[in-house]
1. Please go through the residue pairs B:Lys52/B:Lys129; B:Lys23/B:Lys139; A:Lys140/B:Lys23; A:Lys135/B:Lys5; A:Lys140/B:Lys135 and name each one whose alpha carbons sit more than 27 Å apart in this structure.
2. For B:Leu6, put the label point 7 Å out on the Cα→Cβ axis and report which residues of the range B:114-131 keep their amide N under 19 Å from it.
3. May I ask for the distance between the Cα centers of the range B:8-59 and the range B:84-133, given as a whole number of Å?
4. Between rounded, prolate and oblate, where does the range B:4-139 land on the alpha carbon gyration tensor, with a ≥ b ≥ c its root eigenvalues, rounded for a/c under 1.5, else prolate if a/b exceeds b/c?
5. For B:Lys130, go through the aspartates and glutamates and keep the ones whose alpha-carbon is under 18 Å away, minus same-chain ones fewer than eight residues off.
Amino acid sequence: MDFFSSLEISASALTAERTRMNLIAGNMANANSTRTAEGGPYKRKDAVFTARQPGAPTFGETLSRFGSGTPTGVEVTAILEDQSSPRLQHDPKHPDADEKGFVALPNVSIIEEMADMITASRAYEANITAAQATKSMAMKALELGQ
Amino acid sequence: MPIDKLFGTTIELVSKNLDLRAKNHMYLAGNVANAETPYYRSKTFSFEDQLKDAVRHREESAAPAVAAHPNHIPLKGSAHRIEDIEGIVDESNVNGLGRDGNGVDLEREMGRMAENQILFNASVKILAKKFEGLKYAIKGGN
């Protein structure tokens, strides 16, 4: 059923964008966390988005993907830690400062996170609009024969 | 069958149009969903030309040379029957210019979605009016 697949596709994107939003919030909250369970400063986390078929693909769907391509939803397939080096700040009074007086702060840039947050929320809105369009088309089709 | 005369012309065309617009909407929703997926290439679904050809072919000849099975290779010079049209999916072969290589132009997709929705609603309206007309005739104008 086309309309339900459309809704499923939009919903998958909403879930993915919300996961991304959670990660961004976590990154911003931990922008100054110098201690973690694994040791060392907090590392920025990012979601990996992968296009995927709605529902479990059948043999036919997998085959047709090689030919014409079928519409795909989106899925968060991994949450990766940014392995770039931590931000070093000279603050000898900080309890986690090294012998030279430098503190290793998380590799989180608030400005980058804010920009990511805006793209995530815009993408979320676009998918909400798409879902609303699906709903209104399905409702319109139900008006037939009245 | 005489019933074909009643439902076979406009209603068949408009309802096929509705089906294909719903399918098109699914592709557009898929593109919007993947607006942030790295290296995703947008997919375009088109059926207008196929539908136009099928209508023209139906008008030209009463008995068109149609394939016996939808999966058969179409005969030369023959168009699909309206009910067999499945549309064509095109996947763009360029990655986007951004750093993530995503090829979705969100504004264009949303514009297409609005257009598709309006045309879908128009088709629903036409179909509803058609049924209304039939009902009016059945009731003898009452």
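1. Beyond 27 Å between Cα atoms: B:Lys23/B:Lys139; A:Lys135/B:Lys5.
2. Only B:127-131 fall inside the zone, counting backbone N under 19 Å.
3. 7 Å
4. oblate
5. The qualifying aspartates and glutamates are A:Glu143, B:Asp4, B:Glu12, B:Asp19.
A short reminder: the numbers here are calculations on the coordinates, not readings from a lab. Computed from a prediction, not measured in an experiment: that's the story for all the values here. Don't worry about glycine lacking a Cβ; one is built from the backbone with ideal geometry, like all the others, and counts go over all protein chains shown.
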